[in-house]
1. Specify the inter-centroid distance of region 39-58 and region 79-125, based on alpha-carbon positions, in whole Å.
2. What residues of region 83-103 lie in the reach of a label at residue 117, counting those whose backbone N is under 15 Å from a point 7 Å from the Cα along Cα→Cβ?
3. From the Cα gyration tensor of region 1-104, with a ≥ b ≥ c the square roots of its eigenvalues, which class applies: rounded if a/c is under 1.5, or else prolate if a/b is larger than b/c, or else oblate?
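Values in this text are rule-based calculations from the coordinates and carry no lab data. It should be emphasised that the depicted structure is a prediction, and the values quoted were computed from it without experimental measurement. Quick reminder, even Gly has a Cβ in these numbers, built from the backbone with ideal geometry, and neighbours come from all protein chains shown.
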């Protein structure tokens, strides 16, 4: 059976790949014909020129302000997210696992729900799961469940219902990152 492991797009930094993406890849690839789609990294990869320009300007500025530097860039990215999601052939995946897009483990509930709604518009029968940092998160498991997204724990991705237990990394296989850590995995799929 095909499945996808996906990161939601966040209109703010950071965008480095998370260990959860690597661990999830290792676990899920044993069970499914898995596609790893790091949508967040792809969003930034497509905008790396603009980001480089912004960082160059900030490097030469005497006073750096997120409000005048990063937030206009973030607002621009925000307008691209839904268009970014519709390019993925969600109907190819009966199961989609969503995980944090960066080493920063906090993912707002709305970011997961936005991705889930995009998936369901294209493929209403696709089952959507979320796993993240079990020790605390901005992601509200109750609200996800109310909206049809089941939470799972990294140590047991086949059992629905998130737990607040710490992740036991010693029980997980070695993390796997496709393409030697290249996070622009979706570019060849679009």
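1. 21
2. 83-86
3. In terms of gyration-tensor shape, prolate.
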